[in-house]
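Peer 1: Sharing a structure here in structure tokens format.
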Amino acid sequence: GAAMLRSLGSLLCLWALRLPALPAGTGAAARGLDVASYRERVRAMFYHAYEHYLENAFPYDELRPLTCDGQDTWGSFSLTLIDALDTLLILGNVSEFQRVVNVLQEGVDFDIDVNASVFETNIRVVGGLLSAHLLSKKAGVEVEVGWPCSGPLLRMAEEAARKLLPAFQTPTGMPYGTVNLLHGVNPGETPVTCTAGIGTFIVEFATLSHLTGDPVFEDVARKALKALWKNRSDIGLVGNHIDVITAKWVAQDAGIGAGVDSYFEYLVKGAILLQDKELMSMFLEYNNAIKNYTKFDDWYLWVQMYKGTVSMPVFQSLEAYWPGLQSLIGDVQNAMRTFLNYYTVWKQFGGLPEFYNIPQGYTVDKREGYPLRPELIESAMYLYRATRDPTLLELGRDAVESIEKISKVDCGFATIKDLRDHRLDNRMESFFLAETVKYLYLLFDPDNFIHNDGSVFDVVITPYGECVLNAGGYVFNTEAHPIDPAALHCCRKQKEEQWEVEDLMREFYSLKKNKKFTLKRASDHGEGEGAKDPEDASSEKGGEKRNSKKNSHSLLSCPSQSFNSKLAVLGQVFLDNT
């Protein structure tokens with residue numbers, strides 16, 4: 001069993017990379033697509049956006065490309081800079097990577113009175129910092145002696161993640177959607193969170209636990225995943241929003257898109273990253289239910305989670321990640337068929353509208369925009385690694401042409417408000433530089449270090465033996481931040497021995513006769529608040545978690561009103577008028 005899963009895991013990570021090279025003259029080259037020139041256009045696209053962000057928007061979270069200024073959106077942490085950091089390295093820019101690492105160390109503070117989305121802060125901030133931390137040696141940064149088990153970016157990632165922990169203090173273990181970074185959960189906070197906002201932590205939190213030696217992160221992420229699993233319907237589906245106090249489903253639409261998407265993604269990626277059979281079998285069971293109830297002619301619809309009846313015959317642009325996920329579990333044929341459906345929508349509009357009515361073959365009212373999302377390009381990148389089918393490069397070409405033609409402005413690239421008349425919105429989401437540009441570049445750069453098939457690697461000497469890094473098999477978090485799965489095995493031993501010493505010391509001084517308590521593991525940089533006072537540490541997960549003052553911000557949490565409607569995404573409720 002375990003051996004099989006291990007080999008499955010390495011296969012999943014690397015199978016797509018072990019294909020024989022195609023003979024010269026086949027495929028896209030024969031169709032006249034100059035991969036190198038598109039790669040350079042993507043690079044230029046990155047710098048056009050990045051330089052204008054630095055010039056006009058930094059230190060705000062995001063660039064406003066129509067007015068050439070900046071705004072805070074998901075918090076106040078120079079978000080675009082954190083999100084774009086690993087993209088710099090993938091483009092080969094080590095000097096700017098090094099400069100930004102210094103800027104972030106000096107400038108970013110998470111001790112702020114800001115209501116933040118637990119989900120977004122995790123995938124963009126914690127994920128971006130972890131990925132940059134693990135890539136920093138490759139980028140020529142002078143790393144600490146204990147790296148990769150310590151380092152300034154890792155400490156920042158841990159600090160950000162600790163700010164999210166109070167959200168998980170619920171009877172079900174499913175987190176609130178919003179947390180105040182200073183005070184914890186606000187008193188009036190809505191208990192309704194979307195499924196993705198509950199099930200999208202295992203990649204970042206398990207990585208943190210393995211690197212820092214503090215199990216609390218992986219524990220809360222697993223508990224949340226299992227709570228969703230426990231609350232699936234009799235026919236094996238999960239809905240869109242759930243009450244994290246009562247575990248009652250508030251929005252009962254089941255599908256693979258907005259509000260649910262990355263929960264399924266993280267079951268697969270968590271299984272690969274952690275070599276975890278249980279997570280994979282959970283996904284495969286969901287996969288069967290999804291095929292049985294929501295799949296029609298290689299499209300996926302929304303259905304009622306208990307009855308399986310169709311509630312919305314809609315394709316959402318966020319669902320375009322699904323073919324990439326199917327390719328990760330080896331189901332390439334089905335993945336290609338669904339991808340080609342989605343690609344026809346792209347060709348119809350020059351982008352993917354947020355919602356597309358499948359029977360009518362047209363956009364849904366008020367959902368005609370394309371905010372430069374990465375999902376279809378992401379799937380194309382995975383499928384191209386697996387098949388080398390030139391059609392996938394053609395999607396990449398179309399995306400470059402479209403984004404340049406419709407969305408490029410003097411100050412960057414603007415969200416497309418309406419694909420029918422090409423009106424723009426004054427926003428450039430941080431995922432444009434974190435994901436869209438990165439996946440495009442990786443699609444056109446077959447020799448990028450990210451695509452390493454294990455034939456080259458770095459060996460890092462730690463006090464506890466050798467550690468192999470950068471051998472490939474990277475697992476991308478849902479914001480396209482690559483995590484090196486090998487890094488998770490570098491730090492374990494050190495921590496266990498450190499704990500043994502702590503345990504011996506504790507016994508020796510018998511701090512509290514016959515009172516059992518768990519010490520919050522002090523991380524490398526000695527920030528173990530739990531270590532100061534046994535009373536404080538008696539809560540199973542350590543100090544902060546007892547602070548369960550609750551708190552809210554409508555824009556940022558998944559939901560912002562009570563749900564009596566068909567489906568809600570990021571607080572906007574869609575009535576069934578399709």
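Peer 1: Considering only protein heavy atoms, what per residue accessible area in square angstrom results for segment 328-407 with a 1.4 angstrom probe? All intermediate terms of the calculation are to be shown ahead of the outcome.
Peer 2: Numbers: 2650 Å² over 80 residues.
In whole numbers, segment 328-407 has 33 Å² accessible per residue.
Peer 1: So, one more: Round to a whole angstrom and tell me the spacing of the C-alpha centers of segment 92-131 and segment 147-183.
Peer 2: Each part reduced to its Cα centre gives a spacing of 13 Å.
Peer 1: When ligands, DNA and RNA are left out and all protein chains stay put, how many square angstrom of accessible area per residue does segment 128-220 have with a 1.4 Å probe?
Peer 2: Details: 2040 Å² over 93 residues.
Accessible surface, normalised per residue, equals 22 Å².
Peer 1: Let me ask you something else. Can you give the net charge of the other residues whose Cβ lies under 12 Å from the Cβ of F97, counting K and R as +1 and D and E as -1? Walk me through the numbers before you get to the answer.
Peer 2: On the way: positive: R99, K137, K138; negative: D86, E96.
Value of the local net charge: +1.
Peer 1: Does segment 250-345 classify as rounded, prolate or oblate by the C-alpha gyration tensor (a ≥ b ≥ c root eigenvalues; a/c under 1.5 gives rounded; else a/b over b/c gives prolate, otherwise oblate)? Each step should come with its number before you reach the end.
Peer 2: On the way: a/c = 1.84, a/b = 1.22, b/c = 1.51.
Oblate, because a/c is 1.5 or more while a/b does not exceed b/c.
Peer 1: Considering only Cα-Cα distances, which of the following residue pairs are longer than 20 Å: K295/K438; K223/K248; K137/K277; K248/K269?
Peer 2: Long pairs (Cα-Cα over 20 Å): K295/K438; K137/K277; K248/K269.
Peer 1: Let me ask something additional. Could you give each residue of segment 174-184 its phi-based ³J(HN,Hα) in whole Hz, using Karplus coefficients 6.51, -1.76, 1.60 with θ = phi - 60°, and x for Gly or Pro?
Peer 2: 7, x, 4, x, 9, 9, 8, 5, 9, 9, x
Peer 1: Let me ask something else about it. Would you grab the residues whose amide H sits under 5 Å from the one on N477? Only those 5+ places off in sequence or on another chain, please, with H modelled 1.01 Å from N.
Peer 2: Close amide H contacts, sequence-distant or interchain: I483.
Peer 1: Which whole-number percent gives the relative contact order of segment 244-350, counting Cα pairs below 8 Å spaced six or more residues apart?
Peer 2: On the way: 101 pairs, mean separation 27.6, N = 107.
Computed over segment 244-350, the figure is 26 percent.
The values are calculated or read from the model by the stated rules, or taken from the named source; none is laboratory data. Please read all numbers here as calculations on a predicted model, not as lab measurements. In this analysis, Cβ positions are derived from the backbone assuming ideal geometry, glycine residues included, and neighbour counts consider all displayed protein chains. The area values use the complete protein model at the heavy-atom level, side chains included, leaving out ligands, DNA and RNA. Shrake-Rupley method; radii C 1.70, N 1.55, O 1.52, S 1.80 Å.
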